[in-house]
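The values are calculated or read from the model by the stated rules, or taken from the named source; none is laboratory data. As the structure is a prediction and not an experimental result, all values here were calculated from the model. Here the Cβ positions follow ideal geometry from the backbone for every residue, glycine too, while neighbour counts run over all protein chains shown. Surface areas here come from the heavy atoms of the whole protein model, side chains and all, with no ligands, DNA or RNA. Shrake-Rupley method; radii C 1.70, N 1.55, O 1.52, S 1.80 Å.
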Amino acid sequence: MLRSEQKKDIYDAMQSLEYEINTLYTSNGQTPFVTLGFGLGEDWFAREIQVAILKVRLGGIGKDKQTAIFPKLVFSIKRGTNLDITDSNYDIKLLALECSAKRMYPDVLNYDSLVRLVGDFKVPMGCRSFLPAWQDMNGEFVNAGRNNLGVVTLNVPRIAIQSGGDKKRFWEIFTERMQTVKDALLFRLERVREAKPENAPILYKYGAFGKRLDDGQDVTQLFDKERSTISIGYIGLYEAATMFYGGKWERNPEAKAFTIEVVKELKAYADAWKAEYGYWFSVYSTPSESLTDRFNRLDREKYGDIKDITDKEYYQNSFHYDVRKKVTPFEKIDFEMEYPEYCSGGFIHYCEYPKLVHNLKALEAVWDYAYDRVAYLGTNTPIDRCYECSFEGEFVPTAEGFKCPECGNTNPETADVVKRTCGYLGNPMKRPMVHGRHEEITQRVKHLESLDE
Ligand SMILES: [Zn+2]
């Protein structure tokens, strides 16, 4: 077979995969959440597959060449493979930059930083969850078939509100709340241990969890001895610190130290429970796709409007920089890079950019800056398109939904609007968004406009 024929076969295979995933629906009507990791292979076939994945994504879906929402693409960058201009796969990094600028994916995984944080290299499960390095009885490192058994998320802003601004009180309530988190996680563990292989044959009997069990066998062996993780999640470090230091605390070292102390404490609990129960308790920076809205609403009903905390109608995700602020990608990376050491069970950083299509060097400068600092970085950039007037850029969120700033089009049939709704992208004109996310995105749009000025 000729190389050119093989090349075409690879491209066609990757295109079929993209279309198949985007035309499949789960029983609740969603496209299956699939994440595709790639980027490290250096032989001819590996390179062609990587190029095909990116070219298919760049080409778009259907007659309007819409941006594919799934699979999520995660491109690995490694020094010596594709990071520097002298590396053999540097050309593929350039293609990945173009694809991120035009289609928002791929997000990037920085090899050396990831190994430093989680112990070995792997692609995230789902949008941001990472398993720690783990060896089986024979000393072999295993990733395939391992899993996360769930997460219970702590509402940190509520603890801060209830403390009334008293640090001592904050830590007392924190300690009480952690007991509830522990009870909930242990309850969950008990529930999953009751599962029977015949309840979910794909998982237990046909190898999805890495072993083939028979009916009636105990499933615990798939989870214990620290093989599975189970997670302590958290939300709203920004709002928690705001209770003590006001809404502009990011450059205040004492305030920053307080937020680090929170994740450090969570990690200390996780380590202690791991030693006690033999399950790998990890700290997870919850995506909080709906909690961002729900926790805020519950607290607003109970405690009223509190400036920069409940009054903005959403809580900030995990350790993320307050989305309302004007901050450069470099400042944002510097601010956030200290947290994942304590919450390596799940994390992602995003940087916001104005339209990048004509300035890939700028995006590369951020990726290169990030390489030794953060492990997992996403690109948020306006890529909306209007088929009424051929506008390309950012649709404006309005009361009637997303609107073309050129011609006022709000018809989802003649527009392609793509926003990041958690670790994943979504199309908010086709699927209603959670309110808090809408607010976050409104703020981001304002921020992007200010960068354009
Ligand atoms: Zn338009």
Quick one: what Rg and Dmax do you get for segment 148-326 from the alpha carbons, in Å?
18.9, 58
Step through the table entries K72/K225; K78/K225; K63/K102; K65/K122; K256/K355; K72/K93, compare each Cα-Cα distance with 20 Å, and write down the pairs that go over it.
K72/K225; K78/K225; K65/K122; K256/K355
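What percent does the relative contact order of the chain come to when contacts are Cα pairs within less than 8 Å and at least six residues apart? Show your work: numbers first, answer last.
On the way: 778 pairs, mean separation 67.9, N = 453.
Once divided by the residue count of the chain, the mean separation gives 15 percent.
Report the charge-dipole magnitude of segment 182-245 in Debye, nearest 20, computed about the Cα centre from +1 at each Lys and Arg Cβ and -1 at each Asp and Glu Cβ. Before the final figure, lay out the partial values.
Details: 10 positive and 10 negative charges, 35 e Å.
For segment 182-245, the charge dipole is close to 160 debye.
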How much length is gained on full extension from E392 to A46, taking 0.36 nm per residue of separation minus their Cα-Cα distance?
121.3 nm
Along each of its three principal axes, how wide is the spread of alpha-carbon positions in the chain, in whole angstrom units, largest first?
66, 58, 45
On a full-extension model of 0.36 nm per residue, what is the gain between N143 and E364, subtracting their alpha-carbon distance, rounded to one decimal in nm?
76.5 nm
Report the charge-dipole magnitude of segment 148-326 in Debye, nearest 20, computed about the Cα centre from +1 at each Lys and Arg Cβ and -1 at each Asp and Glu Cβ.
420
Roughly how many nanometres apart are two label points built 7 Å out from the Cα toward the Cβ at E172 and D112?
4.8
Suppose every K and R has +1 on its Cβ and every D and E has -1 on its Cβ; what is the size of the dipole of segment 232-314 about the Cα centre, in Debye to the nearest 20?
120
Once both label points are put 7 Å beyond Cα along the C-beta direction, the F187-E341 separation in nm becomes 3.5
Heavy atoms only, probe 1.4 Å: what % of the accessible area of segment 128-247 goes to carbon and sulfur, would you let me know?
49
Selected from N155, Q179, S318, residue furthest toward positive end of dipole (segment 148-326; charges at beta carbon)
S318
Aspartates and glutamates near K182 by alpha-carbon distance under 13 Å, same-chain residues fewer than 8 away left out - which ones?
E190, D271, E276
At the level of C-alpha centres, the distance separating segment 132-154 and segment 215-252, in angstrom, is 16
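Please compute the per residue accessible area over the chain with all protein chains in place, 1.4 Å probe, rounded to a whole number of Å².
Numbers: 19760 Å² over 453 residues.
Result: 44 Å² per residue.
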